[in-house]
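Each remark here refers to the structure printed beneath this line.
Taken together, the values in this text are just the output of simple stated rules run on the coordinates, not laboratory data. Keep in mind that this is a model prediction, so the values were computed, not measured. Note that each Cβ is placed from the backbone with ideal geometry, even for glycine, and that neighbours are counted across all protein chains shown.
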2 protein chains.
Amino acid sequence: MTIEDAGTAPARRTTLADVARQAGVSTALVSLVMRGAPGASPANREKVFRVARELGYVPDSRARALRQGRSQLLGVMFHVQQPFHADVIEGVYEAAEAAGYDVVLSAVTDSRSEDKAIGTLLADRCEAVILVAPQSSREWLAEVGGRLPTVVLVRHVRHPDLSVVRAADMKGLGLAVDHLVGLGHRRIVHVDGAGSPSAEQRRRGYRAAMARHGLEPRIVRGGWAEINGSQAVEQLLSEDDLPTAILAFNDPCANGVLSTLHRSGISVPEEVSVIGFDDTHLAGFSHIGLTTVRQDAGQMARMAVGRAISLIERKDDPEVHRDGVVVPDLVVRGTTGPCRQ
Amino acid sequence: MTIEDAGTAPARRTTLADVARQAGVSTALVSLVMRGAPGASPANREKVFRVARELGYVPDSRARALRQGRSQLLGVMFHVQQPFHADVIEGVYEAAEAAGYDVVLSAVTDSRSEDKAIGTLLADRCEAVILVAPQSSREWLAEVGGRLPTVVLVRHVRHPDLSVVRAADMKGLGLAVDHLVGLGHRRIVHVDGAGSPSAEQRRRGYRAAMARHGLEPRIVRGGWAEINGSQAVEQLLSEDDLPTAILAFNDPCANGVLSTLHRSGISVPEEVSVIGFDDTHLAGFSHIGLTTVRQDAGQMARMAVGRAISLIERKDDPEVHRDGVVVPDLVVRGTTGPCRQ
DNA sequence: CTGTTAGCGCATTCAA
DNA sequence: TTGAATGCGCTAACAG
């Protein structure tokens, strides 16, 4: 035993062969029984199950996949600190299970890049990947799309190898602006998503809606996290140029906006109205419920899984090559009110 | 082609053999080069890399694991809607990578039980599992622990087959109560975690601290989610028996408490002080920053990974069999203030 | 109904 | 420094 392998051998797990030997039958029979396939006598079926349970046998999913030539695996890349992504994951698990696929998650964190997250998904031999709000370049996404069926969620990108599911961002921002204008607001600022996925579309939707109402747009740099909303408000305060309403890029960003407004003694919605985007399940619980543009995570997840499977199974579904657009709606809660200026 | 397999064949991926053939060398050589092992000429190394890149070759992690007899995989079961778990995951990825292990995540959702989440981890042949705040019975956890190295995070459970990493919950609740008493509060209610992991310890910590100060404890049923905090406050309001301070089970629960207090026109901290537990990265952004008991997710993640690896590699580390206790500290922000009654 | 055989993609002897 | 052979745990095709 060399230093390299000293004590690094994990215990061997029970295999199908162990069960077969113990039950006094062939491995093929055990395989049949474990898969619930027909072709085994009730007596043997019973016996195999009993021995498997006694031995604590769990089939090795990797060996099975290797042999079958397919993994039945859907890979999901997501950002671990995004509450909205958690909502999507719930939906993906549900839809994938219903379709007979397993799910493998690969998280993006501060110390784990999207490249790495996607790389492990490839190494796991996923049959398709669902990328939730990827920030990678269009070129890299296209390359992934060229390698295996790829569904991009919550990001605008047009490429023949990429199937896109997203919300109608422009429509969503339009709803938000209309709501605020209806409340008498004219000085409406958009704290944007900077380089985040779909940030550009939301900027466009904001600009278009403002133009429609003959209002002057103003965009302040934000981002997808709380801290970005917080910093944006600090900047507005330092310029002594606070608007009467703020449209945040998403719910976490809106939370940051609210937090800093509150800390600065500015009341919401009396002095400033705030709107988010996503309708994360947390949005309703931000002390005052957050008025926000809702995009249905469950519906998007189901669409994404459906498309992924269509691509895997080469169903000639033309829909797959069009953007799957989910229509958002405005959820009015407590952070918006009439303009008092 | 039968109906069963119609169009269900996913495209074949590039294999090591493809690279070998294309590069005009043996598969063994390609294997060496891809693993960065010594024993190949610079020229060949170069050539193999080039061909691999051209063909878009990614090693099959399952085949590799199967052959090596070990997966180098750490399984993590977590609850997808818990922000604190996201913080833990960040730390686990970092620590695992540093130790040369890969991580496989298995989420618990409304429609996906802990049993199922752990089952897939077993089928994936993880060498150890880290269970974050498991709610399963002690018996089932022990059974898992009997099958493979198991580290339980954020839950009190004593069993020879389970390695535990947790915060000093009693200490944490003590800090919170002391802080409130120091501010003059006497009617302090604990909105508990009901059957959640470590809820019992936190109840105990609360009771002990209240007794120390000669105060009457009062516990209202809560839970780990926003809705539970919200409902608890509704109950207190309906009984017209609002305390001057509320200790919530965790941050999301505290958020629900704050939300409903605000909706009911009760000001924080003027009329009621509120304290959470966890110090999720969101806590600082709840409009008024949430005063909370901090447990260091990164530190706990590092401990958990260290223990998991010790167990896998059979290092005789006696620490592994003792509870790994992380000392919490109180982070005072804006939701606590002097008692005005 | 049951057992035997072959091979999925890879890493690892061992020989050349 | 390189290549041919072997087997990880499992399933699919076939033979009995």
ask   = What does the average come to when, for each residue of peptide A:136-148, you count the partner chain Cβ atoms lying within 10 Å of its Cβ?
value = 1
ask   = Each label point is 7 Å from the Cα along the Cα-to-Cβ direction; what then is the distance between the points at B:ARG70 and A:ALA98, in nm?
value = 4.2
remark   = Hits in the stretch A:323-341: amide N under 14 Å from the 7 Å Cα→Cβ extension of A:GLU271, namely A:340-341
query = What angle, in degrees between 0 and 90 and rounded to the nearest 10, separates the Cα long axis of helix B:114-123 from the longest principal axis of the Cα atoms of chain B?
reply = 20
remark   = For B:ALA37, inter-copy label-point distances (7 Å, Cα→Cβ), nm, shortest first, read 3.3
query = What is the packing order of peptides A:305-313, B:322-330, taking the mean over residues of other C-beta atoms within 10 Å and listing the highest first?
reply = A:305-313, B:322-330
ask   = How many partner chain Cβ atoms sit within 10 Å of a residue's Cβ in peptide B:255-261, on average, as a whole number?
value = 3
query = For the charge dipole of the protein assembly as shown, defined by +1 on Lys and Arg C-beta atoms and -1 on Asp and Glu C-beta atoms about the Cα centroid, which residue among B:LEU55, B:VAL272, A:VAL19 has the Cα displaced farthest towards the positive pole?
reply = A:VAL19
task = Place the label 7 angstrom along Cα→C-beta at A:GLU139 and in each other copy, then list the distances from the first to the rest in nm, shortest first.
result = 6.0
query = Averaged across the residues of B:309-316, what count of C-beta atoms belonging to other chains lies within 10 Å of each residue's C-beta?
reply = 3
key: Mean Cβ count within 10 Å, highest first, over the residues of peptides B:245-256, B:32-43   = B:245-256, B:32-43
task = On a 0 to 90° scale, report how tilted helix A:251-263 is relative to the longest principal axis of chain A, with both axes built from alpha carbons and the result rounded to the nearest 10.
result = 50
query = At what distance in nm do the modelled label points of A:ARG340 and A:ARG186 sit from each other, each positioned 7 Å from its Cα along Cα→Cβ?
reply = 1.9
task = Compute the label-point distances linking B:ASP323 to its equivalents in the other copies; points lie 7 Å from Cα along Cα→Cβ; give nm, one decimal, shortest first.
result = 5.4
query = Roughly what angle does helix B:226-238 make with the longest principal axis of chain B, taking Cα atoms, 0 to 90 degrees, to the nearest 10?
reply = 10
remark   = The whole-number value in µm²/s of the Stokes-Einstein translational diffusion coefficient for the protein assembly as shown, with Rh from the Kirkwood sum over alpha carbon pairs at 37 °C and 0.692 mPa s, is 121
remark   = Here, GluC sites (Glu not before Pro) of the stretch B:228-307 satisfying both criteria (DSSP loop; at most 16 other Cβ within 10 Å) are B:GLU239, B:GLU270, B:GLU271
key: Between the stretch B:153-232 and the stretch A:133-175, the Cα center-to-center distance that results, in Å   = 45
request  = Calculate the dipole size of the protein assembly as shown relative to its Cα centre from +1 charges on Lys and Arg beta carbons and -1 charges on Asp and Glu beta carbons; express the result in debye to the nearest 20.
outcome  = 1540
query = Seen from all sides and averaged, what is the projected area of the convex hull of the Cα atoms in the stretch A:169-296, in nm²?
reply = 6.8
remark   = At R0 = 41 Å the Cβ-Cβ FRET efficiency linking B:ALA194 and A:LEU215, nearest 0.05, sits at 0.25
key: Within a Gaussian network of chain B (alpha carbon springs, distance under 10 Å), most fluctuating of B:ALA225, B:ALA123, B:ALA211   = B:ALA123
